[in-house]
Amino acid sequence: MAYRNWEVIKISYCERAGEEVALEAEIVYPATFLPEQAPRIMAHRCSRGLACNSFHQPGCCWSGTNPGYDPFKEPEVEKPAAK
């Protein structure tokens, strides 16, 4: 039987909450008789998401109120142009 589990994938400092938060993902693991299937990520959340939702402004995609903003996303590094 498949089972679901919330696992911490990253711990990071959140400027909005003013403290460290745990970024969690709900992972569904396949049944033992289907071992060749990879686990699936079904949802994600922040440990301070409920508190951020009580503010007067939308939070981020981890709290579920602003899907277009991810403050924990790593910035993309630009490659130098080839001459």
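Taken together, the values in this text are just the output of simple stated rules run on the coordinates, not laboratory data. In this text, all values refer to a predicted model and were calculated from it rather than measured experimentally. Here the Cβ positions follow ideal geometry from the backbone for every residue, glycine too, while neighbour counts run over all protein chains shown.
Taking amide hydrogens as placed 1.01 Å from N in the peptide plane, the amide H of A22 sits under 5 Å from those of S47, R48, each at least 5 positions away in sequence or on another chain. Per-residue ellipticity at 222 nm computed for the chain from its helices equals -1000 deg cm²/dmol, with DSSP H segments shorter than 4 residues left out and the rest contributing -39,500 (n - 2.57). Based on the convex hull around the alpha carbon atoms, the range 9-83 presents an average projected area of 8.4 nm². Based on every Cα atom in the range 3-53, Rg and the maximum pairwise Cα distance Dmax equal 14.0, 45 Å. Taking the Cα centre of the chain as reference, the dipole from Cβ charges on Lys and Arg (+1) and Asp and Glu (-1) amounts to some 140 debye.
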